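The values are calculated or read from the model by the stated rules, or taken from the named source; none is laboratory data. The shown structure was predicted, so the numbers you read here are calculated from the model rather than taken from an experiment. Reconstructed Cβ throughout: ideal geometry from the backbone, glycine too, with neighbour counts over all protein chains shown. We work out accessible area using only protein heavy atoms, side chains counted, and drop any ligands, DNA or RNA first. Shrake-Rupley method; radii C 1.70, N 1.55, O 1.52, S 1.80 Å.
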Amino acid sequence: GAMVNAVTPSGFHEVVYGEVRKGGVVTFQEVTNSNQFFHQVVIIAAHEVESLGHIYLNGELSPINASGMVTGGTYANKVHIYKHLGDQTTADSGLVSATSVDSNFKNQGLAYLYMKCEYDPDVFTTGVPVVTCLVKGKKVYNPSTDTTVWSDNAALCIRDYMTSEYGFDVPSASMDDTTFIAAFNACDNSLGSGGLNKMTCNGSLSCKHEYEKNIAKLLTSCQGVIYWSQGYWKPNFSTNKIQYITAIQ
């Protein structure tokens with residue numbers, strides 16, 4: 001379900017931790033210039049992300065230049081992709097000038113792609129291509145450094161979901177950061193030669209699921225549990241078994 005562009009009047013927000021390739025929820029579509037151009041907005045995440053990387057159209061890697069033009073593959077010179085990380089404070093100027101939306105269409109706090117396609121019957125033989133993107137997701141707070149930066153460390157991703165408004169919305173003061181720092185170190189330490197065996201969390205969560213279901217999926221990345229003790233939420237992670245979440249759905 002991650003590799004689609006859902007067109008629905010009641011789509012749920014999605015949360016991205018670590019790095020994963022995914023599509024998103026379509027919130028705007030319009031044709032202009034006597035059907036010459038098709039415009040589409042796809043919400044990738046319900047928050048600011050670290051980066052929106054490689055673009056894929058119908059599963060095909062589609063490089064883009066600095067102007068947003070696709071320069072290689074099936075859709076070269078026929079599709080533009082404009083990326084917005086969720087930190088934008090204004091609407092996409094090209095979208096405003098070309099379509100019916102106005103300057104209030106900012107999508108503040110949402111990471112999204114604006115795709116513009118120029119009609120060509122020899123190119124769009126199967127209709128509008130599905131657009132997916134390699135996403136480096138949410139920036140998370142690290143209590144050991146007192147910084148908020150991107151990380152795929154399982155302990156930090158779980159702590160973020162526990163304290164986020166779309167998660168359990170637990171006050172930071174109720175999190176036992178001493179044990180979370182220990183869990184962060186346990187997740188970050190290599191347990192094998194080559195330095196590859198770390199507890200990492202890479203995938204997406206849908207806000208349509210219950211909080212307990214989502215946190216259970218996150219916890220599979222570290223064979224861990226979260227429990228309440230002496231007035232604080234605390235983690236307890238296994239350090240002898242490693243799993244990876246590559247697509248949390």
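Miscellaneous remarks
- The residues of the range 126-143 that are surrounded by 15 or more Cβ atoms within 10 Å (Cβ to Cβ) and assigned to a loop (DSSP other than H, G, I, E, B), listed by number, are VAL128, PRO129, VAL130, GLY137, LYS138, PRO143.
- Within the range 47-104, the set of residues being within 21 Å of the chain's Cα centre (by Cα) and charged (D, E, K, R) comprises GLU48, GLU50, GLU60, LYS83, ASP87, ASP92.
- Selection of the range 112-122 for residues being part of a loop (DSSP other than H, G, I, E, B) and either farther than 15 Å from PHE37 by Cβ or touching a strand residue (DSSP E or B) at 6+ places or on another chain (Cβ under 9 Å) (or both) yields TYR119, ASP122.
- Qualifying positions in the range 33-73 - open to solvent by less than 70 Å² (accessible area, probe 1.4 Å) and small (Gly, Ala, Ser): ALA45, ALA46, SER51, GLY53, GLY59, SER62, GLY68, GLY72, GLY73
- Consider the range 226-249 and keep the residues that are surrounded by 13 or more Cβ atoms within 10 Å (Cβ to Cβ) and modelled with pLDDT of 90 or more. The one that is farthest from TYR161 (Cα to Cα) is TYR232.
- Residue in the range 13-21 that is farther than 18 Å from SER204 by Cα and modelled with pLDDT under 95 present: no
- Residue tally, condition open to solvent by 50 Å² or more (accessible area, probe 1.4 Å), part of a helix (DSSP H, G or I) and of a type in the set (Phe, Trp, Tyr), over the range 144-185: 0
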